[in-house]
Amino acid sequence: MSDSAPAAPRLVHRTAHIRLRLTRRQATRCYGLLRSAGDVWAWLLDTNRLRRQQGERPGIGYQALCRELTRMGSFGELSVAGARSVLKRYSGAWFQAAKRRNQQQDAGFPRRKRGLVPVRFYNGTFRLQGDRVRLPVARGQPELWVRLARPLPYPAEQVRAVTLLADGGRLWLAVTAAIPVQHHDLDPGGVAGVDLGIIHPYAVVTQQAGLLVSGRAIRAESYLHRNDQQARYARAARRAPKPGQRGSRRWRRHRARVRRAEARHRRRVHQAQHQAAKQLIAFAVQQRVGTLLVGDPTGITEKDAGRVQNWRLRQWRRTHLLQALRDKAELAGIAVRLVDERSTSSTCPACHRRIPKPKGRRFFCPHCKFLGHRDLVGARNIAAKAGGGPTSTHLPVLVEHRRAGRTPARRDRRRHLHDQRRRRSCLASGHPRNADASRGCRSPDAGTPPAPGEDQAALPNKARFA
Ligand SMILES: [Zn+2]
């Protein structure tokens, strides 16, 4: 978009999700807007299905849909701008699916009705005032102001659009801003290898220095969350409705709680991964790295690696990890290139011979006695594969260690077991009833601090999977 003006800095669009702090009445009105948007969505699906049945062409283009909307009239409190954003969403989804089908990819046209559909408001239709935002509503309705739960992370004049949405039982405003790409004094020939991983989300190596970002907090969060969800399901399984049944009120409340917990877990992992990516970019800027060569994790879940490892790989959220890195690198003006990462963790960087895959984090070559950190070796091999990165056979002496995310607190509810006496659960809303009462409230496994030495804590306790 900035290509037309060569002097202007390049802009990238970034979105932050900000929770809304609302009175009950404001929340009701916001949900009303989302529900009206769901009505618009359902109206679009219905009219187009009818047309298909009568052998006509479905209406897809944004302009044509806008004309039909004018004939249709209003949807609740939803303003015309808000309703049009739903048309745009539908039209965009339709063309996206058509494009992917043309490329012989698997894609479905929008068919499913949804109760709540996000509403987007473009620049000029809403008003920002400190931590308050005025959202447009239909003509004749009272003004709708909402309050942001945290300050806007972008300057107000850079904000281009806001989207009202519901996720995990809460209302959010996704604020999209156009941010100019930063200018750092980077060395275009400066190359660093990046190894994505579970123990260390990012391991980075340049000629002079290395960086290891610890993922312990993310792993701890994942294990606690899994145990918690298993306990929930074990407790609620007998209330599960039969196929075709609606389910009891208790069951629906249980489902809502599960969704809330999943959303919270997802937010925590994503937040930690963003922190990790931020640290990596700060390191790269400090080392004046112009290009990051990243090991491509695609296809890693295709082969069966055993029950535990399969679960860990699926928990990893590598797509988000890579996307967070790409987004932040783009903003800092750093190029990212993907490199095939096969055999990079089992090749000796000194003598280039294959060695058996190391078990822990210690990389040891039996041929030339090379000793190093496995993830740094991986990062170094990734850089070497693309013909860049460190040239010396030794790993850098200077290795920074950073942490990402917050370790679950000792008082985290999920760390504690079902309390037999009170028949109440601290663990979610239900640990299995036959839990060992003599143990008290402390969980024997979830509360145990991980083994000392980040580098060795590779596998979780097997007993927990039995
Ligand atoms: Zn060797």
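The values are calculated or read from the model by the stated rules, or taken from the named source; none is laboratory data. Since the structure is predicted, the reported quantities are computational estimates derived from the model, not experimental observations. Glycine gets a Cβ as well: all are built from the backbone with ideal geometry, and neighbour counts include every protein chain shown. With ligands, DNA and RNA removed, areas are computed over all heavy atoms of the protein, side chains included. Shrake-Rupley method; radii C 1.70, N 1.55, O 1.52, S 1.80 Å.
Couplings for region 354-359, taken from phi via the Karplus curve 6.51 cos²θ - 1.76 cosθ + 1.60 with θ = phi - 60°, read 6, 10, x, 4, x, 7 Hz in order; Gly and Pro are left as x. Just to verify a number: FRET efficiency for Arg19 and Lys88, C-beta to C-beta distance, R0 = 30 Å, to 0.05? Approximately 0.75, to the nearest 0.05. Can you give me the Cα centroid spacing of region 334-351 and region 163-216 in angstrom? After rounding, the separation between the Cα centres reads 19 Å. Applying the Karplus relation 6.51 cos²θ - 1.76 cosθ + 1.60 with θ = phi - 60° to region 198-211 yields 3J(HN,Hα) values of 8, 5, 10, x, 9, 10, 10, 9, 10, 4, 9, 9, x, 9 Hz, where x marks Gly and Pro.
Taking amide H atoms as placed 1.01 Å from N in the peptide plane, the amide H of Gly333 lies under 5 Å from those of Gln182, each 5 or more residues away in sequence or on another chain. Relative contact order, whole percent, for region 241-365 stands at 26, derived from Cα pairs under 8 Å and 6 or more residues apart.
Mind ordering 211-217, 107-113 by average Cβ neighbours within 10 Å, highest first?
Those peptides, ordered most packed to least, come out 211-217, 107-113.
For region 296-366, what relative contact order do you get, as a whole percent, if you take Cα pairs closer than 8 Å and at least 6 residues apart? Relative contact order here is 22 percent.
How large is the accessible surface per residue of region 282-373, computed with a 1.4 Å probe and reported in Å² as a whole number?
54
Shown in residue order for region 22-30 are the 3J(HN,Hα) couplings computed by the Karplus curve 6.51 cos²θ - 1.76 cosθ + 1.60 at θ = phi - 60°: 10, 6, 4, 5, 4, 4, 4, 5, 4 Hz (x for Gly and Pro).
What the Cβ-Cβ distance of Asn123 and His367 gives, at R0 = 56 Å and to the nearest 0.05, is a FRET efficiency of 0.35. Computed from Cα positions, the angle between helix 80-102 and the longest principal axis of the chain comes to roughly 50 degrees. For Arg411 and Gln158, a Förster radius of 35 Å and the Cβ-Cβ distance give a FRET efficiency of 0.35, rounded to the nearest 0.05.
When the helices of the chain are scored as -39500 (n - 2.57) per DSSP H run of n ≥ 4 and the total is divided over every residue, the value at 222 nm lands at -11500 deg cm²/dmol. The trypsin sites (Lys or Arg not before Pro) of region 239-344 that meet both conditions, a loop assignment by DSSP and at most 10 other Cβ atoms within 10 Å of the site Cβ, are Arg246, Lys303. Relative to the dominant Cα principal axis of the chain, helix 249-286 is inclined by about 50°.
The share of accessible area on region 30-173 that comes from carbon and sulfur is 47 percent, using a 1.4 angstrom probe. Near the amide H of Asp167, within less than 5 Å, lie the amide hydrogens of Trp172, all on another chain or at least 5 residues away, with H placed in the peptide plane. Relative to the first principal axis of the alpha-carbon coordinates of the chain, what is the inclination of helix 216-236, with its axis defined by its Cα atoms, in degrees from 0 to 90 and to the nearest 10? Computed tilt is about 50 degrees. With the largest listed first and rounded to whole Å, the semi-axes of the equivalent ellipsoid of the chain from the Cα gyration tensor are 43, 33, 22. For Ala404, the amide hydrogen comes within under 5 Å of the amide hydrogens of Ser214, Arg216, Ala217, counting only partners 5 or more places away or on other chains and with H modelled in the peptide plane. Normalising the average separation of contacting C-alpha pairs (under 8 angstrom, six or more residues apart) by the number of residues puts the relative contact order of the chain at 17 percent.
Of all stretches in the chain that contain no GluC sites (Glu not before Pro) in a DSSP loop with at most 11 other Cβ atoms within 10 Å, the longest one is 303-466. Name the shape class, rounded, prolate or oblate, that the alpha-carbon gyration tensor gives for region 144-275, where a ≥ b ≥ c are the square roots of its eigenvalues, rounded holds for a/c under 1.5, and otherwise prolate holds if a/b is larger than b/c and oblate otherwise. Here region 144-275 falls in the oblate category. Here the translational diffusion coefficient of region 93-174 follows from Stokes-Einstein with Rh set to the Kirkwood radius across Cα pairs; for 4 °C and 1.567 mPa s it amounts to 84 µm²/s.
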